[in-house]
Amino acid sequence: MTATIRNIYCVGRNYRAHAAELGNDVPDQPMIFTKPTHALAPMNGESLALPSGQGEIHYETELVLHISKPYEAGASVDALVDSYALGIDFTLRDVQSVIKKKGQPWLPAKGFLNSAPLSDWRPFPGAAKLAERNFQLRLNDTVVQDGNIGNMIFDLQTIVDYIAKHYGLGPGDIIYTGTPEGVGPVQSGDRLELLFGEESFGAFTVTM
């Protein structure tokens with residue numbers, strides 16, 4: 001991972017099929033939430049400890065952007081982003097269902113320790129180039145998520161512009177850009193591997 005990460009922004013419900021599988025409405029503007037930096041964890045082939053006793057924990061595989069420059073109005077995403085990675089937005093789904101009904105913040109469901117595994121960074125080739133390949137999550141060697149950023153409701157440029165306008169955006173900020181359909185629970189002992197095209201970006205084994 002990069003030396004310093006400041007803010008972790010995440011985009012919810014950014015793929016129509018994912019919103020549908022959870023019975024959620026499709027948003028008319030980007031739905032942004034954050035995670036603490038303590039949620040970050042490397043995908044280094046080793047074990048990753050997740051909480052137990054709080055209901056199901058679901059994986060949500062996402063393309064992650066690293067911002068390298070201060071945002072200025074009109075700046076393109078290709079100029080602002082210097083690298084990309086793959087990550088997982090782990091979610092305590094049962095906890096989330098309860099707090100959504102109460103109208104409470106998502107932090108307990110989204111911001112727990114190790115809830116944001118992140119691969120190593122690769123040089124950003126441009127948004128158009130990234131859309132030429134799919135990214136995948138393999139759970140115990142079975143493909144469970146297969147996505148393409150071309151299927152996003154809000155594209156990368158829209159996301160960076162929206163976050164910058166409403167919350168600020170600058171060097172060291174990263175953005176989890178949303179997950180495609182296929183999310184599901186993990187169990188202790190599961191092995192998760194993330195790929196972009198045919199290239200493995202990282203893997204780990206869940207312990208609970």
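The values are calculated or read from the model by the stated rules, or taken from the named source; none is laboratory data. Remember, it's a predicted structure, so these values are computed and weren't measured experimentally. As a convention, Cβ positions derive from the backbone with ideal geometry for all residues, glycine included, and neighbour counts pool all protein chains shown. Surface areas here come from the heavy atoms of the whole protein model, side chains and all, with no ligands, DNA or RNA. Shrake-Rupley method; radii C 1.70, N 1.55, O 1.52, S 1.80 Å.
The conditions of being modelled with pLDDT of 95 or more and part of a loop (DSSP other than H, G, I, E, B) are not met by Arg138.
Report, by residue number, each residue of the stretch 42-76 that is of a type in the set (D, E, K, R) and open to solvent by less than 20 Å² (accessible area, probe 1.4 Å).
Of everything in the stretch 42-76, those that are of a type in the set (D, E, K, R) and open to solvent by less than 20 Å² (accessible area, probe 1.4 Å) turn out to be Glu60, Glu62.
Looking only at the stretch 62-111, filter to residues that are of a type in the set (Phe, Trp, Tyr) and touching a strand residue (DSSP E or B) at 6+ places or on another chain (Cβ under 8 Å); which one of those is farthest from Gly12 (Cα to Cα)?
This residue is Tyr84.
The lone criterion from (1) of a type in the set (D, E, K, R); (2) assigned to a loop (DSSP other than H, G, I, E, B); (3) open to solvent by less than 70 Å² (accessible area, probe 1.4 Å) left unmet by Asp161 is number (2). Which of the residues spanning the stretch 44-96 are within 26 Å of Thr205 (Cβ to Cβ), over 14 Å from the mean Cα position of the chain (by Cα) and not in a loop (DSSP other than H, G, I, E, B)? Across the stretch 44-96, the qualifying residues are Ser47, Leu48, Ala49, Ile57, Ser83, Leu92, Arg93, Asp94, Val95, Gln96. Do we find a residue being in contact with an Asp or Glu (Cβ under 6 Å, 6 or more places away or on another chain), within 24 Å of Asp25 (Cα to Cα) and modelled with pLDDT of 95 or more anywhere in the stretch 185-193? Yes, there is a match, as at least one residue in the stretch 185-193 is in contact with an Asp or Glu (Cβ under 6 Å, 6 or more places away or on another chain), within 24 Å of Asp25 (Cα to Cα) and modelled with pLDDT of 95 or more.
When the residues of the stretch 97-107 are filtered to those that are outside any loop (DSSP other than H, G, I, E, B) and of a type in the set (A, V, I, L, M, F, W, C), the one that is least open to solvent (accessible area, probe 1.4 Å) is Ile99. Annotation note: of Asp146, Asp141, the sole residue that is open to solvent by 50 Å² or more (accessible area, probe 1.4 Å) and under 14 Å from the mean Cα position of the chain (by Cα) is Asp146.
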